[in-house]
Amino acid sequence: MNAASLDEQELSTRFLDAMRSRVNADPHRVWRGRTLTTDCLVQIGSTAFLLRIERGRMRECLTEIPLLCPWTFAVRGTVRAWASLWQDPPPPGWHDLFALSKRGEMSFEGNLHPFMAHLQYIKDVLTLPRKATA
Amino acid sequence: MMTQGSIEPIVGRYVRTEVLGEACRIYFEEAGHGAPLVCLHTAGADSRQFRHLMCDAAITSHYRVIAFDLPWHGKSYPPAGWEKVEYKLTTQRYVETIRAFCAALDLDRPVVLGCSIGGRIVLQLAHAHGTEFRALIGIEAADYQQPWYDTAWLHRGDVHGGEVCAALISGLVAPPSPAEHRHETLWQYMQSGPGVFRGDLYFYRVDADLRGKLAGIDTARCPLYLLTGEYDFSCTPEDTLRTASGIDGAKVTVMQQLGHFPMSENPAQFRRYILPILDEIRLAKR
């Protein structure tokens, strides 16, 4: 896969598929997230998703987000950031959420306590689109 | 290849020494015979990071490989009274710990190899104490690095320190590194004492900005090697190249397929880079 070849719509479709079909498919991942219940906004370029996570399970992944809908924390990245992160293997310096935030291609906003307290789980979930299966 | 019942050549012992007036009981492991090669672990970790070097006959047939746990790390307890102070590693304390350890073991001009904070202190050793060492090797070393998170997250009551430390540094392991070694590296961070990683980063971020302070390094007398993994976004290859550009004679290598913990995260890949350097040091005229 070439990062430049993926546009926002393709990335969004891929992300949605991964969130809806694969997060709950791994019982160990759900167990690792068992202390996390949160609403998390993820933004790919200009496309936003609301992840509703309940005790480590993906309860729903909304694409139509109600106006003024609250969320706990947000992870916003450029199209290039997500396209690079999901390459297998990803290019150096574009391979981790914090590598991307350091270079100004990603930001973390809102209440970051649940984000940091469950950081590996969140990293793993948001990296699921990297591989066809996980 | 280890088989059922085989015993590794690594031996662990404790040495007593004094650092800045404090009695320290320092745990160290070693293997091999020859010129001493002292290995310095990364922040918030311990000497287990070097277990692969100590089991590599291509190295231990020429070097006495020694790795110690800094006080507060691994099996080295903090000095008595630790419960009354906040741990903060300083440049002075780090340098004096290394020198005290080498003196306690009566090591004659050892080679020192340090990674991350160990790489930063190698630069300070080259600057201020180069005559005491046969050669210096900085892995993931630079005079300065741009911070990428607030270290306050590493030590607070409402976030598990081990979990957050490991999760943060997990991005510094190169994605191609083998899963077994990736997770062994993360486990070291999960086991660090509360506030220890953060205390080490006081040295890294606050006390040891070495930009403009590395004059006078004599690489003819004490060769300096700097090696950085391409996937290290904390100490980037650009950080190391910039640092080396100010040191005449420093030799730089950017390592492919490696991150911030080369010796621990992908030992097979790392040895491709470190073996030629150790051979060059060994075969150089003293």
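Yes or no, residue by residue, for (1) assigned to a strand (DSSP E or B); (2) touching a Phe, Trp or Tyr at 6+ places or on another chain (Cβ under 6 Å); (3) surrounded by fewer than 19 Cβ atoms within 10 Å (Cβ to Cβ); (4) of a type in the set (Lys, Arg):
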site: B:Met2; (1), (2), (3), (4): no, no, yes, no
site: B:Pro9; (1), (2), (3), (4): no, no, yes, no
site: B:Gly12; (1), (2), (3), (4): yes, no, yes, no
site: B:Glu29; (1), (2), (3), (4): yes, no, no, no
site: B:Leu37; (1), (2), (3), (4): yes, yes, no, no
site: B:Thr42; (1), (2), (3), (4): no, no, no, no
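Among the residues that make up region B:90-107, is at least one of them assigned to a loop (DSSP other than H, G, I, E, B), buried (at least 16 other Cβ atoms within 10 Å of the Cβ) and touching a helix residue (DSSP H, G or I) at 6+ places or on another chain (Cβ under 7 Å)? No, because not a single residue in region B:90-107 is assigned to a loop (DSSP other than H, G, I, E, B), buried (at least 16 other Cβ atoms within 10 Å of the Cβ) and touching a helix residue (DSSP H, G or I) at 6+ places or on another chain (Cβ under 7 Å). Can you confirm whether B:Ser245 is of a type in the set (Gly, Ala, Ser) and touching a residue at least 12 places away in the same chain (Cβ under 8 Å)? For B:Ser245, the condition - of a type in the set (Gly, Ala, Ser) and touching a residue at least 12 places away in the same chain (Cβ under 8 Å) - is not met. Residues in region B:251-284 that are closer than 20 Å to B:Leu37 by Cβ, of a type in the set (Gly, Ala, Ser) and crowded, with 23+ Cβ neighbours inside 10 Å: B:Ser264 alone.
Restricting the search to region B:22-36, which residues are under 16 Å from B:Leu70 (Cα atoms) and either out of contact with any strand residue (DSSP E or B) (no Cβ under 7 Å at 6 or more places or on another chain) or of a type in the set (A, V, I, L, M, F, W, C) (or both)? Please lay out each step first, then the result.
If we filter region B:22-36 for residues that are under 16 Å from B:Leu70 (Cα atoms), which is where we start, we get B:22-30.
If the condition is that a residue be under 16 Å from B:Leu70 (Cα atoms) and either out of contact with any strand residue (DSSP E or B) (no Cβ under 7 Å at 6 or more places or on another chain) or of a type in the set (A, V, I, L, M, F, W, C) (or both), then B:Glu22, B:Ala23, B:Cys24, B:Ile26, B:Phe28 are the ones that fit.
Across region A:102-127, the number of residues qualifying as more than 9 Å from chain B (Cβ to nearest Cβ) and hydrophobic (A, V, I, L, M, F, W, C) comes to 5. Can you confirm whether region B:57-69 contains a residue that is in a loop (DSSP other than H, G, I, E, B) and within 26 Å of B:Leu283 (Cα to Cα)? Yes, because at least one residue in region B:57-69 is in a loop (DSSP other than H, G, I, E, B) and within 26 Å of B:Leu283 (Cα to Cα). Being surrounded by fewer than 19 Cβ atoms within 10 Å (Cβ to Cβ) and either within 14 Å of chain B (Cβ to nearest Cβ) or at pLDDT below 95 (or both) holds for only one residue in A:Leu67, A:Leu85, and it is A:Leu67. If I filter region B:140-149 for residues that are within 22 Å of B:Ser47 (Cβ to Cβ) and at pLDDT 95 or above, do I get at least one hit? Scanning region B:140-149 turns up at least one residue that is within 22 Å of B:Ser47 (Cβ to Cβ) and at pLDDT 95 or above. Residue pairs whose Cβ atoms lie under 9 Å apart, sitting 6 or more positions apart in sequence or on different chains, and linking a residue in region B:212-239 that is more than 30 Å from A:Lys102 (Cα to Cα) to a partner that is among the aromatic types (Phe, Trp, Tyr), are B:Cys222/B:Phe133.
The residue list A:Arg59, A:Arg34, A:Arg76 contains one member that is within 14 Å of chain B (Cβ to nearest Cβ) and among the charged types (D, E, K, R), which is A:Arg34.
The values are calculated or read from the model by the stated rules, or taken from the named source; none is laboratory data. What you see is a predicted model, and the numbers here were worked out from it, not measured in a lab. Every residue, glycine among them, receives a Cβ derived from its backbone with ideal geometry; neighbour counts consider all protein chains shown.
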